[in-house]
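Each remark here refers to the structure printed beneath this line.
The values are calculated or read from the model by the stated rules, or taken from the named source; none is laboratory data. None of these values were measured; they are calculated from a predicted model. When we count neighbours, we look across all protein chains shown, and the Cβ atoms used for this are built from the backbone with ideal geometry, even at glycine. What goes into the accessible areas is simple: the full protein's heavy atoms, side chains included, and nothing from ligands, DNA or RNA. Shrake-Rupley method; radii C 1.70, N 1.55, O 1.52, S 1.80 Å.
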There are 2 protein chains.
Amino acid sequence: MLYGIVVFPEKHVQDYANSLRRRHDPHYSAIPAHLTVREAEEWTIEQLQMAVAHLEQITSMLPSFSIHLNRVSTFYPVNHVLYLALQDTVSMQQLHEQLCSGPLAVEAPTYVFTPHLTIGQELSADELHDLYGNLRMQEIDLSTTIDRVHLLYQTDNGSWTAYQSFLLRG
Amino acid sequence: MLYGIVVFPEKHVQDYANSLRRRHDPHYSAIPAHLTVREAEEWTIEQLQMAVAHLEQITSMLPSFSIHLNRVSTFYPVNHVLYLALQDTVSMQQLHEQLCSGPLAVEAPTYVFTPHLTIGQELSADELHDLYGNLRMQEIDLSTTIDRVHLLYQTDNGSWTAYQSFLLRG
């Protein structure tokens, strides 16, 4: 089964992101607005059990933190993705590094981990540049507390279901 | 904010339910296939905190259990809903009663609690009867373990986001 680890920003951030995702993100209905902590991967039941034990242990030592989303950015031309970018990515990078260790180490990462909240993807280059141009003119000033991570799994229709939450208790 | 408590059946049950929900349930993309444990309600931050403490305490004493979904049933004519029904509802009813106590007591319930997994709703009477007639001819034999409950909240677009999971640790 395909498992992934995400954080969900607070509702006001999701509401803002959804106003854009509704039109520009084909995954809009498959998963709420989120920041990916670990990319989806096929796990066996044994891997799932090891992952849960690892997440319980690590999250118990990690403190909660805040992030500030202050602009729109893009992975173009590597990926036709628009996203809300973080003013300071250190805390999210640390969360990623701490969680993606031991049994959850990522063997050969496809990309450098870049914390982001996707608001558009699978856009044509023209659409992407139009939207990016418009959104860069908007002032974006969204803060959210990150005090938990969520382990999700995917069903056959492509949607994601919550499996377990892990509070940052450190 | 609007909070609700649900259980998600295992993936194979969700996949079966989704094959019907896709066409017959307008809430298909708002929430994965689920059984509601406590109906959605507006909570303040203080109510949320009390609810979380209550859920942590109660779930720590409750054992996990299995349910067997063995037929399609309906709430017609009260509600134009089709659902997968449980062979034996006692465990889910106990879960509901245990969780919906203290700060989570339901003051004036609209309906008698009937554990169900919705596969169609907001159907016309004709659609409902057609579908019900067809589905009653199918053999339904789905089992799933219930070993956790999920507290969810609703965003402005009507979708539900996972807030916290509570394992049945008893």
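Annotations for the structure displayed:
- The accessible-area loss of the range B:29-51 on complex formation, taken against its chain alone with a 1.4 Å probe, reaches 30 Å² or more at B:Ser29, B:Pro32.
- Point-charge dipole on Cβ atoms (K/R +1, D/E -1) for the range A:40-145, about Cα centre, debye to 20: 280
- Principal semi-axes in Å for the range B:1-99 [√(5λ), Cα gyration tensor, largest first]: 25, 18, 13
- Taking the label point 7 Å along Cα→Cβ, B:Asn134 and its counterparts in the other copies are spaced 3.9 nm apart, in ascending order.
- Solvent-accessible area per residue, Å², over the protein assembly as shown with all protein chains present [probe radius 1.4 Å]: 49
- On the range B:40-145, 49 percent of the accessible area sits on carbon and sulfur atoms, based on a 1.4 Å probe.
- Among A:Met50, A:Met137, A:Met61, residue whose mean-square fluctuation peaks in a GNM of chain A (springs only between Cα atoms under 10 Å): A:Met137
- Cα long-axis angle, helix A:45-59 against chain A (0 to 90 degrees, to the nearest 10): 80
- A Förster radius of 45 Å combined with the Cβ-Cβ distance from B:Asp130 to B:Asp88 puts the calculated FRET efficiency at roughly 0.95.
- Kirkwood radius, chain B, all distinct C-alpha pairs, inverse of mean reciprocal distance: 16.6 Å.
- Computed over the protein assembly as shown, the range of Cα coordinates on each principal axis works out to 53, 44, 39 Å, biggest value leading.
- Summing both sides, the accessible surface hidden between A and B at a 1.4 Å probe radius is close to 2100 Å².
- Calculated FRET efficiency, A:Leu2 to A:Ile140, Cβ-Cβ distance, R0 = 45 Å: about 0.90 to the nearest 0.05.
- Mean residue ellipticity at 222 nm, helices only, chain B: -9500 deg cm²/dmol; runs of at least 4 DSSP H residues each add -39,500 (n - 2.57), and the sum is divided by the number of residues.
- Projected label distance in nm at B:Gln49 and A:Gln57, using a 7 Å step from Cα toward the beta-carbon: 3.3
- Shielding value for A:153-159 is 6, the average number of Cβ atoms from other chains within 10 Å of each residue's Cβ.
- Highest-MSF residue in chain B out of B:Tyr16, B:Tyr153, B:Tyr111 [GNM, Cα springs under 10 Å]: B:Tyr111
- Gaussian network model of chain B, springs between alpha carbon atoms under 10 Å - residue of B:Gln154, B:Gln93, B:Gln47 with greatest fluctuation: B:Gln47
- Cleavage-rule hits, GluC sites (Glu not before Pro), the range A:100-170, DSSP coil, Cβ neighbours within 10 Å at most 12: A:Glu107, A:Glu139
- At an R0 of 25 angstrom, the distance between the Cβ atoms of B:Phe65 and B:Arg22 translates into a FRET efficiency of 0.30.
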